[in-house]
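A.B. asks: Pasting a structure here, questions to come.
The values are calculated or read from the model by the stated rules, or taken from the named source; none is laboratory data. If you're wondering where the values come from, they're calculated on a predicted model, not measured in any experiment. In this analysis, Cβ positions are derived from the backbone assuming ideal geometry, glycine residues included, and neighbour counts consider all displayed protein chains. Only protein heavy atoms, including side chains, enter the accessible area calculation; ligands, DNA and RNA are left aside. Shrake-Rupley method; radii C 1.70, N 1.55, O 1.52, S 1.80 Å.
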Amino acid sequence: EDQVTQSPEALRLQEGESSSLNCSYTVSGLRGLFWYRQDPGKGPEFLFTLYSAGEEKEKERLKATLTKKESFLHITAPKPEDSATYLCAPFSGGYNKLIFGAGTRLAVHP
Amino acid sequence: GAGVSQSPRYKVAKRGQDVALRCDPISGHVSLFWYQQALGQGPEFLTYFQNEAQLDKSGLPSDRFFAERPEGSVSTLKIQRTQQEDSAVYLCASSSQKTELSGNTIYFGEGSWLTVV
């Protein structure tokens with residue numbers, strides 16, 4: 001059975017304090033992985049799609065990387081507006097049925 | 001519209017009442033998905049449509065849940081005889097192409113918050 005685990009569950013950072021979020025998974029036939037950001041009371045907002053081990057993608061202060069067993073979301077010099085829940089969802093075959101992790105709740109304080 | 005639109009945004013239903021949740025996907029999007037999200041959890045898959053065809057409904061938790069997309073655009077998720085355990089956020093998402101193709105992005109709506117009392 002495919003499983004996705006995100007760690008830590010919650011993370012508190014000071015503004016400017018860089019860190020990484022982890023998404024580990026057991027998915028047979030991994031084809032790729034999505035990262036989403038979700039603000040309270042909102043739907044998930046797309047960040048990245050990664051397709052192959054070693055691939056990296058960047059957007060502002062965020063950089064996502066992918067290996068065969070896990071993905072990392074690196075946050076460099078975060079700002080309070082980066083506070084949100086970050087969700088990952090690996091997929092195999094088609095992506096019609098994503099399995100999401102429970103998310104990492106990030107709080108960045110000034 | 002510019003994004004995936006869902007209505008109602010909030011719904012309070014009495015136990016046993018039927019509810020219908022509507023999703024307007026991004027215009028022209030082929031793929032449409034419904035997910036259920038409990039508080040503090042990630043979204044869980046319910047069902048998937050490619051145009052008007054419901055290709056996967058394996059995530060629907062019981063036969064009280066029914067989804068349709070009769071003309072390949074707007075979709076409705078119906079829950080009959082609601083129970084307290086149905087309280088959750090119901091998220092609709094759409095994608096421009098078939099899910100077998102790479103390079104796609106799945107866009108989510110804001111969700112419909114259902115509370116069963």
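A.B. asks: If we count trypsin sites (Lys or Arg not before Pro) as exposed when they sit in a DSSP loop and have at most 16 other beta carbons within 10 Å, what is the longest stretch of chain B that avoids them all?
C.D. replies: Result, exposed sites excluded: B:16-56.
A.B. asks: Within 11 Å, Cβ to Cβ, of B:Phe66, how many net charges do the neighbouring residues add up to if Lys/Arg are +1 and Asp/Glu are -1?
C.D. replies: Values: positive: B:Lys57, B:Arg64, B:Lys78; negative: B:Asp18, B:Asp63, B:Glu68.
Neighbourhood net charge equals 0.
A.B. asks: Ok, one more. For chain A, taking Cα atoms only, what is the radius of gyration to one decimal and the Dmax to the nearest whole Å?
C.D. replies: For chain A, the Cα radius of gyration and maximum Cα-Cα distance read 13.3, 42 Å.
A.B. asks: On a full-extension model of 0.36 nm per residue, what is the gain between A:Glu17 and A:Ser52, subtracting their alpha-carbon distance, rounded to one decimal in nm? Write out the running numbers ahead of the final one.
C.D. replies: Working: separation 35, 0.36 × 35 = 12.60 nm, distance 2.85 nm.
Taking 0.36 nm per residue and subtracting the Cα distance, the gain is 9.7 nm.
A.B. asks: Another question about this same structure. What is the log10 of I(q)/I(0) for region A:59-110, computed with the Debye formula using one identical point scatterer on each Cα and no solvent, at q = 0.14, 0.19, 0.28 Å⁻¹?
C.D. replies: Summing over Cα pairs of region A:59-110 leads to -0.45, -0.76, -1.19.
A.B. asks: In Å and on Cα atoms, what radius of gyration and Dmax does the protein assembly as shown show?
C.D. replies: Rg and Dmax of the protein assembly as shown, Cα atoms, are 17.5, 51 Å.
A.B. asks: Oh, and also: Tally Lys/Arg at +1 and Asp/Glu at -1 over every other residue whose Cβ is under 14 Å from the Cβ of B:Ala38; what's the total? Before the final figure, lay out the partial values.
C.D. replies: Values: positive: none; negative: B:Glu44, B:Glu85, B:Asp86.
Summing Lys and Arg as +1 and Asp and Glu as -1 gives -3.
A.B. asks: In what sequence, highest mean first, do A:44-52, A:74-82, B:86-94 appear when ranked by Cβ atoms within 10 angstrom? All intermediate terms of the calculation are to be shown ahead of the outcome.
C.D. replies: Working: A:44-52: 18.0, A:74-82: 15.2, B:86-94: 22.8.
Going from most to least packed, we get B:86-94, A:44-52, A:74-82.
A.B. asks: Any idea of the total accessible area buried by the A-B contact, 1.4 Å probe, rounded to 100 Å²? Before the final figure, lay out each step's value.
C.D. replies: Values: alone 6170 and 6530 Å², together 10820 Å².
Approximately 1900 Å², summed over both chains.
A.B. asks: Let me ask you something else. Calculate the FRET efficiency for B:Arg81 and B:Lys57 from the Cβ-Cβ distance with a Förster distance of 22 Å, rounded to the nearest 0.05.
C.D. replies: Working: r = 18 Å, r/R0 = 0.83.
Using R0 = 22 Å, I get an efficiency of 0.75.
A.B. asks: Follow-up. Might you tell me the accessible area per residue for chain A, computed with a 1.4 Å probe and given in Å²?
C.D. replies: Working: 5190 Å² over 110 residues.
In whole numbers, chain A has 47 Å² accessible per residue.
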